[in-house]
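Peer 1: Submitted below is the structure of interest, expressed as structure tokens.
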Amino acid sequence: MRGLGWAIGMALGGLFACGGGKGSAPLPPQTVSVSLSPSGASLWTGGTQAFTATVTGTPNTAVTWSVVEASGGTINTAGLYTAPSVPGSFHVKATSVADATQSAQAPITVAIQPPAGACNGAALGPGASLQGFIPFPSDNAWNRDISGDPVDPNSAAIIAFIGAGTGLHPDFGAGLYNGSPIGIPYTVVASSSQAKVPVAFAAYGNESDPGPMPLPASAPVEGGNASTGDRHVLVMDRDTCVLYELYRAFLQTDGSWTADAASTWDLKTNTLRPYGWTSADAAGLPILPGLARYDEVAAGAITHALRFTVPTSRRAYVLPATHWASSNTSTSAPPMGLRVRLKASVDISTYPAQARVVLAALKRYGLILADNGSAWYISGAPDDRWDNAQLATLNRIKGSDLEVVQMGTVYTSDPTGSAPAIATFTATPSTLAIGGSAALSWSSTNATRFFITPEQGWVTSSSATVRPTTTTTYTLQAEGPYGRVTRTVQVVVTP
């Protein structure tokens, strides 16, 4: 009886607990919130950006879209924003239909659309399209049409030395080879949003341009992060139209980089490295301007020379190269900077589209020797849109189908001239409080490029503003065709 009574009591108690008294307290109403993706955007005038609104705290996830500023563009019911025809800073807004007091905003910066082919019109990110921009002026050696130039008298001997029966090889393509992307990667940044970081040198610091440089931690490394090869890192800053290139580059845990060599290129000028200097490439040349890029081929034309390698080069160079990487003095060996072109008589009409664009460029702009490597290897950037089968047909073109363009002066020793000099280098004021700034100014002769370390890196004028947080010694490096010179000045920061 005891067991039965206990069971009945428990049942009745449970019944009374559920049905009698005040029962459980009701759940509080959920708070409605709205968030936007992306959280902001930068667009050219007339550009578009799709936004997505996420609403929580209510089954009704609908929103109404608006632009906060009256002249800030338009946004449709699906969240597609269209920028106005004038630049400015604006905001898009999504308001919850379930609770009109809840909304979210995303800031938008609208800049004037650059003209077609402008440096600052390049897209951003790894392997980004340059949107028609061609590095360096139109009269630069890389961009010069050499289809009508005379053939060098020693052409046959040089072609035979490299390999008359060896076919061209595209050293770029889609996918992976031995676990690594095929080609030399690059990335495009905007220094207005990409911080400059220090670069330390492990080998050729005496022929390198100092940092800091706007190098993102995500910059792709040739061969991948685990590569033991050349490990080139190429970064183009579209804001200043400056190219930064590193050889044997390694990212450090603090976001800085180390490299064996680094070079900085003003893509708006024809300025070369000092005579005798290397770069991130053995010949003292830039790398990015000589790569075959997919965006060019997709547009139907490569309008510049391409970079290539040979097994053995000569202890000599021709401009635009400024450095040799050989002890071979044979006149049949090709000097760095040598230019070859595809003979006009070679029929390229039967080649597939991607290969045909490359071959057309070889007829008009040719190849420039940039490094020691395999015979007739043509450099390009990796891209999964390449058709490797089409590119492989380039091997049908043999060395005998090429000819050396007349070289001009062959430098077997570095030319000499007036070295750069710094007459003055001052800081105004030379002592300041924390939070203050100082103007560095200088005068010089025979210099074409200037660098200030730390904090600044490459500078374009004869002055710069610095904001040290502690007492700092600044070094000015002035470079010219015949070398470089440095000078220092100290800025004292008081508590």
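Peer 1: Given the conditions (1) free of Cβ contacts under 8 Å to residues at least 40 places away in the same chain; (2) among the hydrophobic types (A, V, I, L, M, F, W, C); (3) closer than 18 Å to residue 31 by Cβ, and given that residue 104 satisfies all but one, which numbered condition is not satisfied?
Peer 2: That leaves (1) as the condition not met.
Peer 1: For residue 384, only one of the following conditions fails: (1) free of Cβ contacts under 8 Å to residues at least 24 places away in the same chain; (2) farther than 28 Å from residue 279 by Cα; (3) assigned to a loop (DSSP other than H, G, I, E, B). What is its number?
Peer 2: Looking at each condition in turn, residue 384 falls short on (1).
Peer 1: Sticking with this structure for a sec: When segment 371-399 is examined, which residues are found to be open to solvent by less than 20 Å² (accessible area, probe 1.4 Å) and either farther than 14 Å from residue 171 by Cβ or acidic (Asp, Glu) (or both)?
Peer 2: 397, 399
Peer 1: Any idea how many residues of segment 477-493 are more than 16 Å from residue 428 (Cβ to Cβ) and either in a strand (DSSP E or B) or β-branched (Val, Ile, Thr) (or both)?
Peer 2: Residues of segment 477-493 more than 16 Å from residue 428 (Cβ to Cβ): 477-486.
Imposing the further condition that a residue be either in a strand (DSSP E or B) or β-branched (Val, Ile, Thr) (or both) reduces the set to 477-480, 483-486.
Total meeting the criteria: 8.
Peer 1: Something else: Could you list, in sequence order, all residues of segment 91-101 that are open to solvent by less than 50 Å² (accessible area, probe 1.4 Å) and either farther than 30 Å from residue 31 by Cβ or part of a loop (DSSP other than H, G, I, E, B) (or both)? It would help to see each step written out before you state the result.
Peer 2: From segment 91-101, those open to solvent by less than 50 Å² (accessible area, probe 1.4 Å) are 92, 94-96, 99; that's our starting set.
Result: 99, single match.
Peer 1: OK, next. Just to be sure, is residue 423 under 33 Å from the mean Cα position of the chain (by Cα) and open to solvent by 40 Å² or more (accessible area, probe 1.4 Å)? Walk me through it before giving the result.
Peer 2: Values: under 33 Å from the mean Cα position of the chain (by Cα): no; open to solvent by 40 Å² or more (accessible area, probe 1.4 Å): yes.
Criteria not met by residue 423.
Peer 1: Are any residues in segment 78-90 in a strand (DSSP E or B) and either open to solvent by less than 60 Å² (accessible area, probe 1.4 Å) or touching a residue at least 60 places away in the same chain (Cβ under 8 Å) (or both), and if so, which ones?
Peer 2: Taking segment 78-90 as the starting set, the residues that turn out to be in a strand (DSSP E or B) are 80-82, 88-90.
81, 82, 88, 90, listed by residue number.
Peer 1: Of all residues in segment 437-473, which are of a type in the set (Val, Ile, Thr), in contact with a Gly (Cβ under 8 Å, 6 or more places away or on another chain) and outside any strand (DSSP E or B)? If you could, list the steps in order and put the result at the bottom.
Peer 2: First, the residues of segment 437-473 that are of a type in the set (Val, Ile, Thr): 445, 448, 452-453, 459-460, 465-466, 469-473.
If we keep only those that are in contact with a Gly (Cβ under 8 Å, 6 or more places away or on another chain) as well, we get 448, 453.
Correct list: 448 only.
The rows are residues; the columns are (1) open to solvent by less than 50 Å² (accessible area, probe 1.4 Å); (2) under 17 Å from residue 398 (Cα atoms); (3) under 29 Å from the mean Cα position of the chain (by Cα).
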{"residue": "346", "(1), (2), (3)": "yes, yes, no"}
{"residue": "349", "(1), (2), (3)": "no, yes, no"}
{"residue": "366", "(1), (2), (3)": "yes, yes, yes"}
{"residue": "369", "(1), (2), (3)": "yes, yes, yes"}
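Peer 1: Cβ-Cβ under 6 Å, sequence separation 6+ or interchain: first residue in segment 40-53 and part of a strand (DSSP E or B), partner β-branched (Val, Ile, Thr) and surrounded by fewer than 16 Cβ atoms within 10 Å (Cβ to Cβ). Which pairs?
Peer 2: Cβ pairs passing all conditions: 42/109; 48/82.
Peer 1: Pull up segment 294-320, narrow it to residues that are assigned to a loop (DSSP other than H, G, I, E, B) and surrounded by fewer than 21 Cβ atoms within 10 Å (Cβ to Cβ), then point me to the one that is nearest to the chain's Cα centre (by Cα).
Peer 2: Initially, segment 294-320 is screened for residues assigned to a loop (DSSP other than H, G, I, E, B), giving 300-305, 311-316, 318-320.
Of the ones still in play, those that are also surrounded by fewer than 21 Cβ atoms within 10 Å (Cβ to Cβ) are 300-301, 303, 311-312, 315, 319.
Working: 300: 22, 301: 21, 303: 19, 311: 28, 312: 30, 315: 31, 319: 25 Å.
Ranking the candidates gives 303 first.
Peer 1: Sticking with this one: Please go through segment 51-67 and pick out each residue that is surrounded by fewer than 13 Cβ atoms within 10 Å (Cβ to Cβ) and over 15 Å from residue 102 (Cα atoms).
Peer 2: Once the filter is applied, which keeps residues that are surrounded by fewer than 13 Cβ atoms within 10 Å (Cβ to Cβ) and over 15 Å from residue 102 (Cα atoms), segment 51-67 yields only 52.
Peer 1: Under 8 Å between Cβ atoms, at least 6 apart or on separate chains: pull out the pairs that start in segment 421-437 with a residue that is without any contact (Cβ under 8 Å) to a residue 40 or more places away in the chain and end on any residue that is open to solvent by less than 60 Å² (accessible area, probe 1.4 Å) and of a type in the set (Phe, Trp, Tyr).
Peer 2: So the pair list comes out as 423/442; 424/442.
Peer 1: Filtering segment 321-344 down to residues that are among the aliphatic types (A, V, I, L, M), part of a loop (DSSP other than H, G, I, E, B) and farther than 19 Å from residue 148 by Cβ, which residue is most open to solvent (accessible area, probe 1.4 Å)? Don't jump to the end; show me each part of the working.
Peer 2: Restricting attention to segment 321-344, the residues satisfying the condition of being among the aliphatic types (A, V, I, L, M) are 321, 325, 333, 336, 338, 340, 342, 344.
Those left that are additionally part of a loop (DSSP other than H, G, I, E, B): 321, 325, 333, 338, 344.
Cutting the leftovers down to farther than 19 Å from residue 148 by Cβ gives us 321, 325, 333.
Details: 321: 0, 325: 40, 333: 0 Å².
Per the stated criteria, the residue is 325.
The values are calculated or read from the model by the stated rules, or taken from the named source; none is laboratory data. These numbers come from a predicted model, not from an experiment. With ideal geometry, Cβ positions are generated from the backbone for all residues, glycine too; neighbour counts draw on all protein chains shown. Surface areas here come from the heavy atoms of the whole protein model, side chains and all, with no ligands, DNA or RNA. Shrake-Rupley method; radii C 1.70, N 1.55, O 1.52, S 1.80 Å.
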